[in-house]
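Undergrad: Shown below is the structure under consideration.
What follows is calculated from the coordinates using simple rules that are stated; it is not laboratory data. Computed from a predicted structure; not experimentally measured. Neighbour counts run over all protein chains shown; Cβ positions are idealised from the backbone, glycine included.
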Amino acid sequence: MMDNKCAGQNLSLSAKTALLLEAAPLLTAWFRENVRPLPWRENVTPYSILVSETMLQQTRIEAVMRYYPRFMEAFPRLEDLAAAREEEVLKLWEGLGYYSRARNLRKAAQVCVEELGGKLPETVAQLKKLPGVGAYTAGAVASLAFGEAAPAVDGNVLRILARLTRDERDVLQPAVKKEAEGFLKSVLEQLEAPGPFNEALMELGEMLCLPAGKPRCRQCPLQDLCMALAQGCQEDLPLRGAAKPRRQEKKTLLLLRHQGKVALVKRPEKGLLAGLYAFPLLEGHLGPGDILPWLKSYGIPFGPLQELGTARHVFTHVEWEMKGWETETAEALPGYVYADREEVEARYALPSAFRVFREMI
């Protein structure tokens, strides 16, 4: 329980449903008046909704605004994405992170083209059968594209509901999310336009009911209904359990140069940064005494090792601390792709984890 002024008894499901039904017309009216001209709100199709909602997962809108137009220009239809090579798709996704989203999006397009007549399924149940489509994305696409009374519950929505209903429970608990999906669905079933209501909730969480810093409560259309605001504890909610500490990993990165190009290696098809290109990586922070035997094992002459400095990259569950070295080899090492800067920019998807060393090419 919370040791602050927001602690109190959790509302019943019927009370939460009634409160949200009262909020619905206020929220949708606010959205109509304040909707932002985002690129995915132009020329809307079920496919464009799927692409934008996939990109927006765990990614800031500002970043997606740069990627979405060029992705849709390259793959304007499901058929175009289904026919694309994986490397093409990953290259256009480069820097956006969570690359499994891009691979699954392409696989989903292939399923739609090969098995469903080139169309997206229209219901949550059918959409969730597509590769990479979870409950949130299925709900967003089904409601926004096809008008199904389907909830789309993410961190934004959970935050709004926690404040609106003064819910002091941990929003990371599966039971809390499941309950939210249940009473949201009962609300959506009573609305004429469930899609705009879902989109309005998303917009409120992005614009006013903010996760960091102070929420902009005095601009919020729901300020007169918000139970947390009424008690002055809106900044205390939502509650989140302690995050699991990230695993720390040390890596040694090698820039292996040959005739103006550098060595790249394609990572395995499963695991972190699967299927993307990377510079050669060795485990641990190694010095010349450890790196030299590795280089000598190829039987190819090489020049002196030069230290490049360090770089750090944070993933969701792991943090890499990288130490870089470079050398020139007399021949290309077998098993690697060699590329110059122009080729890297045009062809090879190199994750932002390697940005510091990429700039040294």
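Undergrad: Kindly provide the helix-only [θ] at 222 nm of the chain, computed as the sum of -39,500 (n - 2.57) over DSSP H runs of four or more divided by all residues, to the nearest 500 deg cm²/dmol?
TA: That calculation yields -12500 deg cm²/dmol at 222 nm.
Undergrad: Can you tell me the order of 49-57, 339-347 when each peptide is scored by its average per-residue count of other Cβ atoms within 10 angstrom, highest first?
TA: Peptide ranking by packing, descending: 49-57, 339-347.
Undergrad: Charges at C-beta only: +1 for Lys and Arg, -1 for Asp and Glu. How large is the resulting dipole of the chain about its Cα centre, in Debye rounded to 20?
TA: So the magnitude is around 540 debye.
Undergrad: Could you pull out every whole DSSP H run in the chain that spans at least 18 Å of Cα extent along its own axis and averages 0.0 or higher on the Kyte-Doolittle scale?
TA: TM-like helix candidates: 13-34, 174-188.
Undergrad: Counting each pair of different Cα atoms once, what's the Kirkwood radius of segment 13-236 in Å, rounded to one decimal?
TA: 18.2 Å
Undergrad: For Leu305 and Arg216, FRET efficiency with R0 = 51 Å and r from the beta-carbon atoms, rounded to 0.05?
TA: E between Arg216 and Leu305, to the nearest 0.05, is 0.45.
Undergrad: Separate question: Please give every one of the lysines within straight-line cross-link reach of Lys16, meaning a C-alpha to C-alpha distance under 17 Å, and leave out same-chain neighbours fewer than 8 residues apart.
TA: Reachable lysines: Lys177, Lys178, Lys185.
Undergrad: Another question, then. Assuming R0 = 30 Å, can you tell me the calculated FRET efficiency for the pair Asp290 and Gln259, based on Cβ-Cβ distance, to the nearest 0.05?
TA: 0.70
Undergrad: Sticking with this structure for a sec: Treat the count of other C-beta atoms within 10 Å as a stand-in for reagent exposure and order Tyr99, Tyr338, Tyr298 from fewest to most.
TA: Starting with the residue having the fewest Cβ neighbours, the order is Tyr298, Tyr338, Tyr99.
Undergrad: Here is a follow-up. Would you mind calculating the relative contact order of segment 13-236 from Cα pairs under 8 angstrom and at least 6 residues apart, reporting the percent as a whole number?
TA: Across segment 13-236, relative contact order equals 21 percent.
Undergrad: For the pair Gln231/Glu249, report the inter-label distance in nm, with labels modelled 7 Å from Cα in the Cβ direction.
TA: A separation of 4.3 nm, rounded to one decimal place.
Undergrad: Determine, for Arg41, Arg85, the number of other Cβ atoms within 10 Å of each Cβ, and report the residues in order from fewest to most.
TA: Placing the least packed residue first, the sequence is Arg85, Arg41.
Undergrad: Please give the peptides 158-168, 28-38 ranked by average Cβ packing (other Cβ atoms within 10 Å per residue), highest first, as a rough proxy for protection.
TA: Averaged packing, sorted descending, gives the order 158-168, 28-38.
Undergrad: Normalised by the number of residues in segment 277-354, what is the relative contact order in percent for Cα pairs under 8 Å and 6+ residues apart?
TA: The normalised contact order for segment 277-354 reaches 34 percent.
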